[in-house]
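A short worksheet on the structure shown next.
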Amino acid sequence: VSGGFILRYGSIRVSQICLLLCAAAMVLLTVVPIALIPIAAILLGIGYGPITPASSHVLARTTPPHLMALTFSIKQTGVPVGVALGGALLPALALAAGWRGALLATAGIAVVVALAAQPARRTLDAHRQDARPMSWHSIVEPLRVVLRTRALRELSLVGLAFAAVQVCLTSFLVVFLHESLEWTLIASGLALTCATIGAVIGRIAWGIVADRWLPPVRTLALIGLVAAICGLLLAAATTAWPAWVVLPLAAIYGGMAIGWNGVQLSELARRCPPGMAGAVTGASGFVTFAGVVAGPPVFAALAGAFASYRAGFLVAAAVSGVAALGLLAGNRHQASRIH
């Protein structure tokens, strides 16, 4: 539902409100009883969701067309970098100040960033539509645009598939290596670090590829195909595989399964109606997040049914491959219609 708010209040203002909502959720987590923690989680989700649509709205208006994919990809590196910083700093902070102290410090950082963004609002929110009415139609119209526009619909469905694979990789890689390949937890965590580093490199590299050498849709298809191969190789890994094979595989898989976001978001912004980048990205994100929600439970169900995490990675590989082939087929169909 963030599209209408972005158009009316501006991307920076919406982002500031989101940061404050996340900060409030962090504070709430430190004081509420366990039974009320879901309320804080919902508040955190409400604050987290509109950040990407808001940033896409700004970037679509301010980025030169020939740098779209790279710029969006650089912006998206903030996600794995933030995860890495959180993983590196918060455990030590929790040991020093307790878990409540770690959450309160995180909330404080969010407040500081929200305040620091205020000077940029005059320029970056100058195009906001203060008189724009807020209605049910303004909320659902971007979703209608996505569903009735073939290119946007295909990009959203690919995002759903890729997001499911991404969250499954980050959620189950460590436990797979520890339980199935008998790695130590420290070594398994190192593999996840390699995947995260691969994601940062991959997001920037794929942005350059999509801007300079390969059309964005074909770039996404290539990402999906390589991710499928990585998923198959990971599912085939055994205790006999040395770390010097598995760790690079984790890094490459991370560069694919977590490296697609910037290219997909930039292509959404490129293909949406003028001035609707934030609204369309939000509506597309509604579809994409279905993969985030459904991916881990399906993966876990497969692992339970077959008593092996390999089944989950095999299905993840199939999802990546099918999404890539679907993109190529759709792109070929569109090209044939143009000719």
Å² per residue, accessible surface of the chain at 1.4 Å:
48
If the label point sits 7 Å along Cα→Cβ of Val113, residues of segment 17-44 with amide N under 20 Å come out as 17-30, 40-44
Quick check: pseudo-label points 7 Å beyond the Cα along Cα→Cβ at Ala305 and Arg132, how many nm apart are they?
4.3
Roughly how large, in nm² to one decimal, is the mean projection of the convex hull of the alpha-carbon atoms in segment 228-331?
7.8
Based only on Cα atoms, what mean projected area does the convex hull of segment 95-187 have, in nm²?
11.9
Mean separation of Cα contacts under 8 Å (6+ apart) over length of the chain, as relative contact order %:
29
Dmax and Rg, reported as Rg then Dmax, of segment 1-112 (C-alpha, Å)
16.0, 51
Estimated inter-spin distance, Ala318 and Arg212, nm [label 7 Å along Cα→Cβ]
3.8
Could you tell me what percent of the accessible area of the chain is made up of carbon and sulfur, with a 1.4 Å probe and every protein chain present?
74
Dividing the convex hull volume of the Cα atoms of the chain by its residue count, what figure in Å³ per residue is obtained?
151
Taking the convex hull of the alpha carbon atoms in segment 159-208, what volume per residue do you get, in Å³?
67
Mean Cβ neighbour count within 10 Å, used as a protection proxy, ranking 182-195, 95-108, 245-258 highest first
245-258, 182-195, 95-108
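The values are calculated or read from the model by the stated rules, or taken from the named source; none is laboratory data. In this text, all values refer to a predicted model and were calculated from it rather than measured experimentally. Using ideal geometry, Cβ is built from the backbone for each residue, glycine included, and neighbour counts are taken over all protein chains shown. Surface areas here come from the heavy atoms of the whole protein model, side chains and all, with no ligands, DNA or RNA. Shrake-Rupley method; radii C 1.70, N 1.55, O 1.52, S 1.80 Å.
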